[in-house]
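K.L.:
Next up is a structure, given as structure tokens.
The values are calculated or read from the model by the stated rules, or taken from the named source; none is laboratory data. Computed from a prediction, not measured in an experiment: that's the story for all the values here. Every residue, glycine as well, gets a Cβ built from its backbone with ideal geometry; the counts of neighbours run over all protein chains shown.
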Amino acid sequence: MYLNPTSQNPSALQFLDFTLVNIRLKQIERESGGLGTIYLLLLSGSLLLAGYSLYQAYLELNYALGILGVISMILISLHRTRRDSCFVWHRLNAPAQSLFSEYWLFSLPFVLPAAFTWQFWIIIVHFLLCLGLSRWYHKPKEAGIYWPQLSKLVPPSYFEWLSGLRRNWLPFLLIYLFVWIFCWVRALPIVGLWGLTFIITTFYNEGEPRNLLQVHLGDSPAVFLRRKIMRQALPMLILFIPPLAVNALFHPDIWPFHLLFLLMYLLVLMFMITSKYSVYEPAKELQGTSVWQSLGLLGAVIPFLAPLPLFLTLRNYIKAVRHLKKFLG
């Protein structure tokens, strides 16, 4: 963890540079290609509902702190895992200002409703968080390949999990141990499993080689997607249900919330799988998905934002069915 190595004028008062914002908007525009008027209206309605729901939540201090914590965790996680750090810090004229503009502008809609409540100070905290992240130069290390023997336990059809666990085994293991150690603490496993869900979403950021996809050449795209989602949900259920069940035994009054959040985590998984195959290219990393991914993660931990990932999942499913026709026939 260290600061930006590039030389910049420390007295500069300019906070904004829209280079990364423009790149991200173009990626989102490409990702959103083909949205009809009805879908745009539904998305707009979902955003308005989310804004009003956030306003209601910000009226309560505990909820406001929880939302701020979730937004902060997402921003920090995205900053630590972004793969364009070298490009940003060594190719852009104003890397810190570009990062600040990207983080601040794209997350601002989720904190702006606080301006109309007594929790208006959250906007200041959010501003300082984005400012601090934009000055933090972080280059993700190249992950090594660990546990080659894991392929003996994980079937080949779960190659995303196999690759993801090999590269993220330490944070995955630590978070899962945390969930079990504190499984008796009221609702705490829900928070830990949200962090685990974030790691799992990174398993689907890269397309598999074409020959692996064409193993399913006899399936229609719709059948392939349904089977893929059901198959990939199985290890998630095996991992998530036991600690949630134990927590429900200690706190039976909140068992509906355990069920609700489990469904939300599965929705995020569906969202990532359909997002992956809506823009699938063999052996290539997905581009322009971090904003959508953030929306999906917010929806997983803030239930009244559920319409956003639900809408995006339905939209991605339709787009993925069309896109996969040229690979599966």
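K.L.:
Would you pick out the residues in the stretch 209-228 that are among the β-branched types (Val, Ile, Thr) and over 13 Å from THR274 (Cα atoms)?
P.N.:
VAL215, the sole residue that qualifies.
K.L.:
While we're here: Please verify whether the stretch 53-71 includes one or more residues that are closer than 29 Å to GLN119 by Cβ, in contact with a Ser or Thr (Cβ under 9 Å, 6 or more places away or on another chain), among the hydroxyl-bearing types (Ser, Thr, Tyr) and at pLDDT 80 or above.
P.N.:
yes
K.L.:
Scan LEU162, LEU128 and give me the residue that is farther than 28 Å from MET230 by Cα and either surrounded by 14 or more Cβ atoms within 10 Å (Cβ to Cβ) or modelled with pLDDT of 85 or more (or both).
P.N.:
None of the other options fit; the residue is LEU128.
K.L.:
Answer yes or no: is there a residue in the stretch 186-200 that is crowded, with 16+ Cβ neighbours inside 10 Å, small (Gly, Ala, Ser), in a helix (DSSP H, G or I) and modelled with pLDDT under 85.
P.N.:
Among the residues of the stretch 186-200, at least one is crowded, with 16+ Cβ neighbours inside 10 Å, small (Gly, Ala, Ser), in a helix (DSSP H, G or I) and modelled with pLDDT under 85, which makes the answer yes.
K.L.:
On to the next question. Tell me whether the stretch 209-232 contains one or more residues that are at pLDDT 90 or above, over 18 Å from PRO156 (Cα atoms) and buried (at least 16 other Cβ atoms within 10 Å of the Cβ).
P.N.:
yes
K.L.:
Which ones in the stretch 72-95 are closer than 29 Å to TYR58 by Cβ and either out of contact with any helix residue (DSSP H, G or I) (no Cβ under 9 Å at 6 or more places or on another chain) or at pLDDT 80 or above (or both)?
P.N.:
Correct list: SER72, LEU75, ILE76, HIS79, ARG80.
K.L.:
Answer yes or no: is there a residue in the stretch 242-252 that is closer than 16 Å to ILE200 by Cα, part of a helix (DSSP H, G or I) and at pLDDT 95 or above.
P.N.:
no
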